[in-house]
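Participant: I'd like to ask some things about the structure below.
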Amino acid sequence: MLRHARGRVAAVAVLAVAGTLAVTGPASAHGPGNGAPGADLGPNVIVLDPSMPQDQIQAKVDAIANQQVPSQFGDARYAILFKPGTYGSAANPLRFQVGYYTEVAGLGQDPGDVVINGAVQVFNQCFDDGCTALVNFWRSLENLTINVAGGEGCQTATEFWAVSQAAPMRRVAVNGNSSLMDYCSGGPQYASGGFISDSTFSGNVVSGSQQQFLVKNGTLNGWSNGVWNQVFSGVVGAPATSFGQPGGQPYTTLDTTPVTRERPYLYLDAQGKYQVFVPAAQRDSRGASWADGHTPGRSVPLDKFYVAKPSDSWGRLNGALMSGKNLLFTPGVYRLDKTLTVSHPNAVVLGLGLATISPTRGNVAMQTLDVPGIDIAGLIFDAGEQNSPALLRLGTGLSTLDGTLRHPLLSSASNPTALQDVFFRVGGEHVGKVTQALVVNTNNTVLDDIWSWRADHGTGVGWTVNTARNGVVVNGNDVTATGLFVEHYQQYNVIWNGERGKTVFFQNELPYDAPNQAAWMNGSKPGYAAYKVADGVKTHEAWGLGAYIYTNVDPTLHASSGFEVPVRPGVTLHSVLTISLNHAGTIDHVVNDVGGAVTPDFQGPAFLVTFPSP
């Protein structure tokens, strides 16, 4: 593991009680998981039962954490699944950490079916040069209830989830206080998250040093602190918008979420058989989808899935898709030399334990055809050493056509194609190359928690090494992004060509490593904007957008603007900011030629409450 803290400096001081973190556990390895009858989910799916002695459960989860907490770049993947029931007690709480490439989830249909008395946590990582949460990526927590209990010192009675990108919390009810930063390990430290969806909190949530965060469709009972960009969409109890106001917090609040589709999840039905629940799309929604009963949607029996193992060949996996099977990737790394084609409407492709797909011969890793309702979730796409034109391509050119070809056979507004918790990586673990990581050709598509990352640290990193032009390219119409994180690509990080697009929350860092200005020019303009809406687009709207610059190879580099959009009545950006980090790099304007510069001497933020100004 490379012990590297990312180049981000929070612009606030957070007052908290400092303490030390000491988590220990048995050195023994964990055993294989025990699935439901007839289900073989592989050895890295650990299924826990409330009838098991708690010391055995504690030993299993601690052993996985001890292995995975320091393993930023590695091949091990795990899913820890809790059968319905109660785990731990106020007197003897179950408390454990979640490390890299680890999914923790309940196997009930609703979050209340699995109750953990204790805490499921992520803390700072402490290295020789200090403690940080800036690299706490690639893990998840889903579909359970936490009654916060236990802990010592400043960790007492608090659920800590100190994460950065690609670490979602979904369908979780937290009863008690929560903190999205770790103020105990080496004092208050920085985090660069994050994403919470379809969750409820009965206690206060301390955002603290979180530089940016999206909370979507849930309930809050108090939220404190903010650094640069905090967005609340469809959240009961969210703080009011105060972005850009003198003395205010950087909060942007939408009463409802324009379009959302929650992630599919595995659960056990009343007969003890596995089903995958696929939530229905919601429009103009507010609050948790399960607040008034079961989440609307459909259940798909596991026997309608091909349960994939990392040893499976491309032919076996693609054959299953072509025959009409859904695909469940069990934890592991899938190295494939041909493109997986998702061809059937309403197909579900779901990863457990952040299963990872890596192309080996410059192929596109996965391609969908022009059919509605496809859902892809819980996967990492990791670029290979040979350049791929794309890692994931949704639809073909046909589906981007508007007008008479907006047909339900191609796409459906009521049954959109969706990605949830899908992450892209170019470099870091090894050399990776791609032209455009995610290409969206489909109309009526939801992008829900996407992190597209050209690595800025790790193995196989450098301007001419992990080459990648664009992180996300949207050609389809009526595409909605809720939680879009795109970083370090060498040209535009995001290009939006489709009509009627919407983005709720965007976070970006421009590339760190351009060797000089000549290497990073957009024609006659210095640098590239983070987010480009094509000149011909007539309608586009976005809320809560941040672009940051840190050019650590050449601190004199400029980008002419953070955002480029056409100037017309139908194109509006709300709550936009730029920042210069660590005295390295300049963004001359916020949007187009409007807004002040952020520089090595004035790090910002530079704010625009609305563009164009009303």
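Participant: Inside region 126-159, can you point out the residues that are at pLDDT below 95, assigned to a strand (DSSP E or B) and among the β-branched types (Val, Ile, Thr)?
Facilitator: Thr132
Participant: While we're on this one: Of all residues in region 71-92, how many are on the phi < 0 side of the Ramachandran plot, crowded, with 22+ Cβ neighbours inside 10 Å and touching a Gly at 6+ places or on another chain (Cβ under 6 Å)?
Facilitator: Residues in region 71-92 being on the phi < 0 side of the Ramachandran plot, crowded, with 22+ Cβ neighbours inside 10 Å and touching a Gly at 6+ places or on another chain (Cβ under 6 Å): 4 in total.
Participant: Checking the condition surrounded by fewer than 22 Cβ atoms within 10 Å (Cβ to Cβ) and not assigned by TED's automatic domain parsing to the domain that holds Tyr548, which residue from Gly150, Gly194 passes? Write out each step before concluding.
Facilitator: Values: Gly194 fails: surrounded by fewer than 22 Cβ atoms within 10 Å (Cβ to Cβ).
Result: Gly150 is the single residue among Gly150, Gly194 that is surrounded by fewer than 22 Cβ atoms within 10 Å (Cβ to Cβ) and not assigned by TED's automatic domain parsing to the domain that holds Tyr548.
Participant: Quick check: is even one residue across region 450-457 aromatic (Phe, Trp, Tyr), free of Cβ contacts under 8 Å to residues at least 40 places away in the same chain and more than 20 Å from His574 (Cβ to Cβ)? It would help to see each step written out before you state the result.
Facilitator: First pass over region 450-457, keeping only residues aromatic (Phe, Trp, Tyr): 451, 453.
Checking the rest, the ones that are also free of Cβ contacts under 8 Å to residues at least 40 places away in the same chain come to none.
There is no residue in region 450-457 that is aromatic (Phe, Trp, Tyr), free of Cβ contacts under 8 Å to residues at least 40 places away in the same chain and more than 20 Å from His574 (Cβ to Cβ).
Participant: While we're looking at this one, here's another question. Given the condition assigned to a strand (DSSP E or B) and free of Cβ contacts under 8 Å to residues at least 24 places away in the same chain, answer yes or no: does some residue in region 301-322 qualify?
Facilitator: Yes.
Participant: Check Gly203, Gly118 and return the single one that is on the phi > 0 side of the Ramachandran plot and at pLDDT 95 or above. Show your work before the answer.
Facilitator: On the way: Gly203 fails: on the phi > 0 side of the Ramachandran plot.
Matching residue, one of Gly203, Gly118: Gly118.
Participant: Of a type in the set (S, T, N, Q), in the same structural domain as Leu369 (by TED's automatic domain parsing) and assigned to a strand (DSSP E or B), is that true of Asn470?
Facilitator: Yes, satisfied.
Participant: Scanning for something outside the structural domain of Leu220 (by TED's automatic domain parsing) and closer than 23 Å to Asn44 by Cβ, does region 278-296 turn up at least one residue? Spell out how you get there, then give the answer.
Facilitator: So the first thing to find is which residues in region 278-296 are outside the structural domain of Leu220 (by TED's automatic domain parsing), and the list is 278-296.
From what's left, closer than 23 Å to Asn44 by Cβ: none.
So far as region 278-296 goes, no, none of its residues is outside the structural domain of Leu220 (by TED's automatic domain parsing) and closer than 23 Å to Asn44 by Cβ.
Participant: State whether the residues of region 578-587 include one that is outside any loop (DSSP other than H, G, I, E, B), within 27 Å of Arg500 (Cα to Cα), of a type in the set (A, V, I, L, M, F, W, C) and in contact (Cβ under 8 Å) with a residue 60 or more places away in the chain.
Facilitator: Looking for residues that are outside any loop (DSSP other than H, G, I, E, B), within 27 Å of Arg500 (Cα to Cα), of a type in the set (A, V, I, L, M, F, W, C) and in contact (Cβ under 8 Å) with a residue 60 or more places away in the chain, one finds none in region 578-587, hence no.
Participant: Only one of Ile549, Ile587, Ile579 is modelled with pLDDT of 95 or more and more than 17 Å from Gln211 (Cα to Cα); which?
Facilitator: Ile587
Here is a yes/no grid of residues against (1) β-branched (Val, Ile, Thr); (2) in a strand (DSSP E or B); (3) over 27 Å from Ala90 (Cα atoms):
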residue: Gly234; (1), (2), (3): no, yes, yes
residue: Ala240; (1), (2), (3): no, no, yes
residue: Gly248; (1), (2), (3): no, no, yes
residue: Thr252; (1), (2), (3): yes, yes, yes
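Participant: Among the listed residues Ala79, Ala65, which satisfies the condition of being at pLDDT 95 or above, aliphatic (A, V, I, L, M) and in contact with an Asp or Glu (Cβ under 6 Å, 6 or more places away or on another chain)?
Facilitator: None of the other options fit; the residue is Ala79.
Participant: Going residue by residue through region 261-276, is there one that turns out to be of a type in the set (A, V, I, L, M, F, W, C), closer than 23 Å to Arg170 by Cα, outside the structural domain of Val504 (by TED's automatic domain parsing) and more than 24 Å from the chain's Cα centre (by Cα)?
Facilitator: Looking through region 261-276, at least one residue is of a type in the set (A, V, I, L, M, F, W, C), closer than 23 Å to Arg170 by Cα, outside the structural domain of Val504 (by TED's automatic domain parsing) and more than 24 Å from the chain's Cα centre (by Cα).
Participant: Would you please name the residue that is surrounded by the most Cβ atoms within 10 Å (Cβ to Cβ), looking only at residues in region 173-190 that are touching a Leu at 6+ places or on another chain (Cβ under 9 Å) and outside any loop (DSSP other than H, G, I, E, B)?
Facilitator: Ser185
Participant: Would you confirm whether or not region 254-268 contains a residue that is closer than 20 Å to Ser575 by Cα and in a loop (DSSP other than H, G, I, E, B)?
Facilitator: Among the residues of region 254-268, at least one is closer than 20 Å to Ser575 by Cα and in a loop (DSSP other than H, G, I, E, B), which makes the answer yes.
Participant: Another one. Val215: assigned by TED's automatic domain parsing to the domain that holds Thr145 and in contact with a Gly (Cβ under 8 Å, 6 or more places away or on another chain), yes or no?
Facilitator: The answer is no for Val215.
Participant: Test Gly536 against the stated conditions and say whether it is on the phi > 0 side of the Ramachandran plot, at pLDDT 95 or above and surrounded by fewer than 22 Cβ atoms within 10 Å (Cβ to Cβ).
Facilitator: no
Participant: Just to be sure I understand, how many residues within region 238-255 are aliphatic (A, V, I, L, M), surrounded by fewer than 17 Cβ atoms within 10 Å (Cβ to Cβ) and within 23 Å of the chain's Cα centre (by Cα)?
Facilitator: 0
Participant: Also, I was wondering about something else. For region 359-373: of the residues being touching a Leu at 6+ places or on another chain (Cβ under 8 Å) and free of Cβ contacts under 8 Å to residues at least 60 places away in the same chain, which is farthest from Asn466 (Cα to Cα)?
Facilitator: Val371
Participant: Still on this model: Which ones in region 550-596 are under 15 Å from Phe607 (Cα atoms) and among the aliphatic types (A, V, I, L, M)?
Facilitator: Those that are under 15 Å from Phe607 (Cα atoms) and among the aliphatic types (A, V, I, L, M): Leu573, Val576, Leu577, Ile579, Ile587, Val590, Val591, Val594.
Participant: Mind listing whichever residues of region 458-472 are surrounded by 21 or more Cβ atoms within 10 Å (Cβ to Cβ), out of contact with any Phe, Trp or Tyr (no Cβ under 8 Å at 6 or more places or on another chain) and without any contact (Cβ under 8 Å) to a residue 40 or more places away in the chain?
Facilitator: Val472
Participant: Scan (1) hydroxyl-bearing (Ser, Thr, Tyr); (2) surrounded by 23 or more Cβ atoms within 10 Å (Cβ to Cβ); (3) out of contact with any strand residue (DSSP E or B) (no Cβ under 8 Å at 6 or more places or on another chain) for the single condition Thr102 breaks and write down its number.
Facilitator: (3)
Participant: Only one of Asp110, Asp129 is in contact with a Phe, Trp or Tyr (Cβ under 7 Å, 6 or more places away or on another chain) and surrounded by fewer than 22 Cβ atoms within 10 Å (Cβ to Cβ). Can you tell me which? Explain how you work it out, then say what you get.
Facilitator: Details: Asp129 fails: in contact with a Phe, Trp or Tyr (Cβ under 7 Å, 6 or more places away or on another chain).
Step by step, each of Asp110, Asp129 is checked, and only Asp110 is in contact with a Phe, Trp or Tyr (Cβ under 7 Å, 6 or more places away or on another chain) and surrounded by fewer than 22 Cβ atoms within 10 Å (Cβ to Cβ).
Participant: Here's a follow-up. For region 326-346, which positions are touching a helix residue (DSSP H, G or I) at 6+ places or on another chain (Cβ under 7 Å) and free of Cβ contacts under 8 Å to residues at least 40 places away in the same chain? First the steps, then the outcome.
Facilitator: Residues of region 326-346 touching a helix residue (DSSP H, G or I) at 6+ places or on another chain (Cβ under 7 Å): 326-327, 336-338, 340-343.
Matches in region 326-346: Leu327, Leu336, Asp337, Lys338, Leu340, Thr341, Val342, Ser343.
The values are calculated or read from the model by the stated rules, or taken from the named source; none is laboratory data. Here the structure is a predicted model, which is why all the values come from computation and not from measurement. Ideal geometry is used to build each Cβ from the backbone, glycine not excepted, and the neighbour counts take in all protein chains shown.
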